[in-house]
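K.L.:
Submitted below is the structure of interest, expressed as structure tokens.
The values are calculated or read from the model by the stated rules, or taken from the named source; none is laboratory data. Owing to the predicted nature of the structure, the values given are computational and were not obtained by experimental measurement. Because the Cβ atoms are built from the backbone with ideal geometry, glycine has one as well, and the counts that use them run over all protein chains shown. Calculation scope for accessible area: heavy atoms of the full protein, side chains included, ligands and nucleic acids excluded. Shrake-Rupley method; radii C 1.70, N 1.55, O 1.52, S 1.80 Å.
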Amino acid sequence: MTDSSRSGMALASLGVGLVHLAVAAGSPLFLAILLAGFGIAELGWGVATLARGRVLLPRVALPLALTPVALWGLDITAAIAIAGSGLTAALPFGPMAAASLLSLFLAACLAFARRRSLGPRPEASAPRPVRQLLGMTAGALLVAGLVTPALAGTNAGTQAVPHGEHGTSVVPEPSISHSGH
């Protein structure tokens, strides 16, 4: 597995963990506990993968990456089954869609890495720092592009105070007259 793909998985895990924690803050208690647990686990796994330089517990990480996606699917199914289209799901659509997309990416990368590890081991290639930097930058931009709007769509994001309105008044600068010059 290349360093850039491992870094991309770790960044995706960090992003999905942040979204799950933000969604948990505004969810019903049972779902909040589940999502907070997944969020903490995803953040921990992402940090540990970046720190160790290898994918940790891939057999455990793969099904755990897909579990929140299945949970969200059950939430939508229950909302439709109970009240048709009149009842909305308990979890917000936009943030959960972004989190699910990142989770599916993470699961696909883990499955691909697992499949490659079952075959014959390829020879280790020389490290390519420029390629790794470009891969990490692209992964960070992709994750940030999905996570930032997802965080804004959570309950915490909609309740956030806009920038520049943190209870401090802005004192206007006095106008200075330059007459006579």
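K.L.:
Using a 1.4 angstrom probe with every protein chain in place, what is the largest-first accessible-area order of Ser4, Ser100?
P.N.:
Highest to lowest solvent-accessible surface, that is Ser4, Ser100.
K.L.:
For Arg131, Arg54, Arg6, Arg115, give me the order by solvent-accessible area with a 1.4 Å probe, most accessible first, ignoring ligands, DNA and RNA.
P.N.:
Arg115, Arg131, Arg54, Arg6
K.L.:
In nm, to one decimal, how far is the modelled label at Ser5 from the one at Leu34, with both set 7 Å along Cα→Cβ?
P.N.:
Here the answer is 3.1 nm between the modelled labels.
K.L.:
Further, regarding this structure: Where a ≥ b ≥ c are the square roots of the eigenvalues of the C-alpha gyration tensor, would you call the stretch 10-68 rounded, which needs a/c under 1.5, or, failing that, prolate if a/b is larger than b/c, or oblate?
P.N.:
Prolate shape, in that a/c is at least 1.5 and a/b is the bigger ratio.
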